[in-house]
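Got a structure here, written out as structure tokens. Questions coming.
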Amino acid sequence: MTSERRVLLVEDEPSLVRTLRDRLSSEGWQVATAGEAETAVALALGEPFDLILLDVMLPGRDGFEVCRELRQRGLGVPILMLTARSQVVDKIVGLRLGADDYVTKPFDMMELLARMDALLRRSRDPMSGSPDTVVLGEVRIDLRRSVVTRAGEEVSLSALEFKLLRYLVEHPGEVLSRDRLLDDVWGYDATPSTRTVDVHVAALRSKLERNPSHPELILTIHGRGYRLAR
């Protein structure tokens, strides 16, 4: 582990803060702490962090609300939620609001460290292997659940739109010709015109880009096809 890793610990229980801060520091993490929502949001948006440990039970606004606000404001830093709640519905709520993982208190420290390492590896190399979630700016693509969000809000995509987006994500940086997209996304038995690809790309841009007229995610390579920005 290296001292370059920075974690924001959002927890209001002093004894747990001390325990986690000491252990994480010994593992090479630089630890900043916040005991309530407003401080957590200000720190998360104002300083660079590699990961956020976010307790659900906070005074005032809870961890769910903090997670929602951070995602709505475009923060893509991995969030691992700490919760004393065992109900499955609470865990699902956290994941749907944009959390990347959770551990239930009381947790084993080695498990927490392992999950932190896994999230950090995934965030630093989001296209390697087959990650469950890919983050492109304020767009988050959950490949396992086929859920796409932009600035924290779920985006409704057709099955074909999601299939096209997934194909782009699985070939980051590659220039993909319209013919290749027709073959691999629509299938050899399909016979749509080349214009069909353009129409579906335009639909994706209208839902995912901040300014569809000047796309930042799905780029046109004139005369060659399309490329997903890395």
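Tell me which residues, restricted to the stretch 2-18, are out of contact with any helix residue (DSSP H, G or I) (no Cβ under 8 Å at 6 or more places or on another chain) and surrounded by 13 or more Cβ atoms within 10 Å (Cβ to Cβ). Spell out how you get there, then give the answer.
Residues of the stretch 2-18 that are out of contact with any helix residue (DSSP H, G or I) (no Cβ under 8 Å at 6 or more places or on another chain), as a first pass: 2-4, 6, 12-18.
Once the filter is applied, which keeps residues that are out of contact with any helix residue (DSSP H, G or I) (no Cβ under 8 Å at 6 or more places or on another chain) and surrounded by 13 or more Cβ atoms within 10 Å (Cβ to Cβ), the stretch 2-18 yields 6, 12, 13, 16, 17.
I've got another one for you. Tell me, please, whether a residue that is part of a helix (DSSP H, G or I), closer than 21 Å to residue 142 by Cα and under 19 Å from the mean Cα position of the chain (by Cα) can be found in the stretch 180-199.
No, that holds for no residue.
So for the stretch 2-25 (the condition being modelled with pLDDT of 95 or more, closer than 23 Å to residue 152 by Cα, charged (D, E, K, R) and touching a Leu at 6+ places or on another chain (Cβ under 9 Å)), does at least one residue qualify?
Checking the stretch 2-25: at least one residue is modelled with pLDDT of 95 or more, closer than 23 Å to residue 152 by Cα, charged (D, E, K, R) and touching a Leu at 6+ places or on another chain (Cβ under 9 Å).
Evaluate the following for residue 225: is it crowded, with 17+ Cβ neighbours inside 10 Å and of a type outside the set (Val, Ile, Thr)? I'd like the intermediate steps shown before the answer.
Working: crowded, with 17+ Cβ neighbours inside 10 Å: yes; of a type outside the set (Val, Ile, Thr): yes.
So residue 225 fits the description; yes.
For the stretch 129-175, how many residues meet the condition of being modelled with pLDDT of 85 or more, among the hydroxyl-bearing types (Ser, Thr, Tyr) and in a loop (DSSP other than H, G, I, E, B)?
1
Given the conditions (1) of a type in the set (Ser, Thr, Tyr); (2) modelled with pLDDT of 85 or more; (3) within 14 Å of the chain's Cα centre (by Cα), report the number of the one that residue 104 does not fulfil.
(3)
The values are calculated or read from the model by the stated rules, or taken from the named source; none is laboratory data. Just so you know, these numbers come straight off a predicted model, no measurement behind them. Reconstructed Cβ throughout: ideal geometry from the backbone, glycine too, with neighbour counts over all protein chains shown.
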